[in-house]
Every structure is written in C-alpha cells, then in structure tokens.
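Worksheet: one structure, shown below.
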Amino acid sequence: MGAATHIQTSPPLKMANVEAAFKNLHQDLLDECKVGDQKAQFQIYKLYYKAMYNTSLRIVNDSMEAEDIMQESFLAAFEKIDTYSGSVSFGAWLKKIVVNRSLDALNKRKAVFEDIDSHTGIRDDSSDETARYEEMDIRVEEVKEAIERLPDGYRIILSLYLLEGYDHDEISEILSINSSTSRSQLSRAKQKLISELKGR
C-alpha cells in the first residue's frame, strides 16, 4: 500500500520540478514589481534595457524609435506584470512585447512582407549557403551591419531567426504568416544578405 501511495504522489512532485525550472534568477525583484515597487522596477530595467533596445533596433532600424519602443515596452510590462505566468523566462516574455511593439511601429510605416512562395527560381540550398559564408570569412559585426542595410521584410526575418533565436513556427505567429512563407522569406533574405556582403 505504501508503495502504491508513493507512485500516486510522484507525478505531482515531478510537475512541481518542471514548473520550478522556469523560476527566474531575479524572481525576488519580479515579485516586488508585482506590488508596484519602483526600486525593483528600476533594477529590472537596468538588467534588461540594453538587450531589449537592441532587439527593437534590429527590427525598426532607427535608434530613437527603438529607444521609445523599449521604454514603452517596459511601462506596458510593468502595468501587466500580473499576467506574467512564469511559463517562460521573464526575458522571453518581455522580448515578445518589444518585438510586437516594434512590428506595430513598422506596420505604421507600411512595411511589406512578401509572400515569397509565389516567386520562382529561389533555391533553399543550406549546405551551399554555409559554404559561401565560410568562404567569405565575414565577422559577426559585418553581418549585423549588412542586415541593417536590407529592406524591412528581409531584415526582420533574419533578425528574428538568426539574432533573436525564434523558430519558424514562432515567426509565423509573430508576423501572421504561415511557416512555409517564413522559410521562403528566410531563404530569400539569406541570399540578399550574401549579395550585400559580397558587394562590400
């Protein structure tokens, strides 16, 4: 009977451990933010503002606009911090807010995401692209600078995939496109990036 009881209680304990895996390094500060502690909010701001600014800058490609979006995103995050469930890290939750606000800003500029599926003659030859990248021996900063010079649609897809680490399913949700369009757009953006790097 004792063994049976132990087997029945194991799953909840295991689930508790899974939930604990998402506990944030600065959870104490987040708990204080939830009760409106401004000092804690400032500490969280100092921990995350640079990364969030860079995320926005990669999307909007304008330093002043990225600064505004970053500030607005923190205000929005602190206002709705009670909705943060802890199912992902706080940084990932905050970054989603920054990305969405940055994309909203671009939409106001009427940035267009092409449906690349309708294009012909576009190959997705990852091994070939990898070889070309290796041959060029381009430094990371040069790649980032080249990405900044690309049209909005290409710059955003490359930034979300290569620099922010989102997968195609996440990108399709963020940009309201399907996964195949995300993959096609990325393939085309990579080719445009290679051309940009070669041109330099």
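Coordinate-derived values only; no laboratory data. Note that the structure is a prediction, hence the values are computed from the model and not measured. All Cβ positions, glycine included, derive from the backbone under ideal geometry; neighbour counts span all protein chains shown.
Take the residue pairs Lys46/Lys80; Lys80/Lys192; Lys39/Lys80; Lys108/Lys198; Lys80/Lys108 and return only those whose Cα atoms are more than 29 Å apart.
Flagged as over cut-off: Lys80/Lys192; Lys108/Lys198.
Kindly put Val35, Val88, Val143, Val98 in sequence by how many other C-beta atoms sit within 10 Å of each C-beta, fewest to most.
Ranking Val35, Val88, Val143, Val98 by Cβ neighbours within 10 Å, fewest first, gives Val35, Val88, Val143, Val98.
For Glu141, Glu170, Glu164, which order do you get if you count the other beta carbons within 10 Å of each Cβ and list the fewest first?
Glu141, Glu170, Glu164
Roughly how far apart, in whole Å, are the Cα centres of the range 19-83 and the range 136-200?
Rounded to whole Å, the Cα centres lie 25 Å apart.
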